[in-house]
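The values are calculated or read from the model by the stated rules, or taken from the named source; none is laboratory data. It should be emphasised that the depicted structure is a prediction, and the values quoted were computed from it without experimental measurement. Using ideal geometry, Cβ is built from the backbone for each residue, glycine included, and neighbour counts are taken over all protein chains shown.
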Amino acid sequence: MNQARNLNRKDKQRPKNLDLRTVRLPVPALVSILHRASGAVLFLLLPVLLLGLQCSLNSAEHFAHIKEVAAQPFVKLLLLGVVWAFSHHFFAGLRHIAMDFQWGMELTTARLTAKLVLALGLLVTLLIGTALW
Amino acid sequence: MVKSHALRLWLAQRITGALMAIYALMVGSVLYVQHPTEYGTWKALFSTGWMRAATLVFVLSLVWHAWLGMHDILIDYVKPALAHRILKNLVVLSLAVYAVWSMRILWSI
Amino acid sequence: MRLSIYRFNPETDAEPYMQDYDVALEPGDKMLLDVLLRIKDLDDTLSMRKSCREGVCGSDAMNINGKNGLACITKLTDLKEPVVVRPLPGLPVVRDLVVDMTQFFKQYHSVKPYLVNDEPPPATERLQSPEDREKLDGLYECVLCGACTTSCPSFWWNPDKFVGPAGLLQAYRFIADSRDQATDERLDNLEDPYRLYKCHNIMNCVDVCPKGLSPSKAIGKIKELKLKRLTK
């Protein structure tokens, strides 16, 4: 009788094991979720960037003002974040296109290129960061 | 044969991505070489015909690329129908606004 | 050996919980399945699927220390204690380590995983050259354990719409088969934005496949074929 009840039990009442803290995140998966997150971040900060661009092109005074604002530590951090988001998204995107051409699909290569993307993202952020400040 | 709509979207995401990548590399190198730290050079950079045209291509690619990406995110994480529709419309509206805004910025220098 | 195992009995439990066990190992115990069966001697209520105990039936796929695998071929010496054993992610849990594989098999069946050839069968077999037969290597060996598909985040978020790694690998197994004549239909069958294109090359599937297969590679080839068809 109990077994019949279980057979009729709908999926809505059955739990799913989806506690992401208990699931391992391999390097390629990390690069993938960061690719998505960095894209979303860029989208969300787009109006801020456009505002900055508009202001900087408006007049010499506005340009100077933007430079002042950009020098503040909190803003610097934010801009660095944007630079990283673009860098990572850029390199992860290149990796995506390479894989579309069947290049780098072996597990060992995929892991290597994933680590490379992470490293390049951080490296370029560092380079641009030091160049700007 | 079935019309390959999904395939075209898949291609569009890659092509717009590639176009933006090329723009980023181009403008990145120009910025590195010219190093525009004062208003005059910065303004001059955006006043040339090719820069405006290239940036327009970048903006249009960005709008399409961002739409495809955000749509993917909404499909995966926002299941309730009403919330999904609202957010989807918000994204489309914002991107349309950003496109028009960018063009105004580029052509009012 | 210390283990922490996911328990859920729909008849008595409102929520799943983790239960700790400390098991004395015998000299012959080599694989995780050996230990799980030893636990059944202590606690008969623990439910799991198992059969061949040699990695060919796919029954005992589960999430072991965070990574999907087959319990019968997971070496104890490779496992850090306490060993955390959970059911495959993303599928409804029937009881303890037993998950409802309906969605998984529904997607598998939806790709028509059988040879389609309307020509009358020849007197002997439908011939296939060794070169053509080689194209099936890395595709036919799938035991449908579900480790790949349940490790895929795209499948977690859209199990009803995205075919998943296993289904797509089998779709390609028949697309690649020289004896199959339904290639165009198979490719058409993967046309909507979800069935195939929800694969974003996350590659968790390749990471976990206990048979060493690469659904990502097969899916890449399907995408390539669809692209080629567009430009024809």
All positions within region C:190-210 that are over 21 Å from the mean Cα position of the chain (by Cα) and touching a residue at least 60 places away in the same chain (Cβ under 8 Å): none
Lone unmet requirement of (1) in contact with a Phe, Trp or Tyr (Cβ under 9 Å, 6 or more places away or on another chain); (2) surrounded by 13 or more Cβ atoms within 10 Å (Cβ to Cβ); (3) of a type in the set (A, V, I, L, M) for A:A37: (1)
Single residue of region A:52-71 satisfying the filter (within 9 Å of another protein chain (Cβ to nearest Cβ) and under 30 Å from B:K88 (Cα atoms)) that is farthest from the chain's Cα centre (by Cα): A:Q54
Qualifying helices (runs of 4 or more DSSP H) (wholly inside region A:47-133; at least 3 residues being crowded, with 18+ Cβ neighbours inside 10 Å): A:73-100, A:107-132
Number of positions in region C:87-111 that are in contact (Cβ under 8 Å) with a residue 60 or more places away in the chain and at the interface with another protein chain (Cβ under 8 Å from one of its Cβ atoms): 8
Filter result (touching a residue at least 24 places away in the same chain (Cβ under 8 Å) and under 13 Å from A:V117 (Cα atoms)) within region A:15-35: A:V27, A:P28, A:L30, A:V31, A:S32, A:L34, A:H35
Within region C:17-66, considering residues that are of a type in the set (A, V, I, L, M) and surrounded by fewer than 17 Cβ atoms within 10 Å (Cβ to Cβ), the one nearest to the chain's Cα centre (by Cα): C:V56
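Within region B:89-101, is even one residue under 21 Å from A:A60 (Cα atoms) and either in contact (Cβ under 8 Å) with a residue 40 or more places away in the chain or part of a helix (DSSP H, G or I) (or both)?
yes
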From the options B:L31, B:L25, B:L45, residue that is within 12 Å of chain A (Cβ to nearest Cβ) and modelled with pLDDT of 95 or more: B:L25
Selected residue (criterion: farthest from the other protein chains (Cβ to nearest Cβ)) from residues of region B:58-96 that are of a type in the set (V, I, T) and under 24 Å from A:L51 (Cβ atoms): B:V92
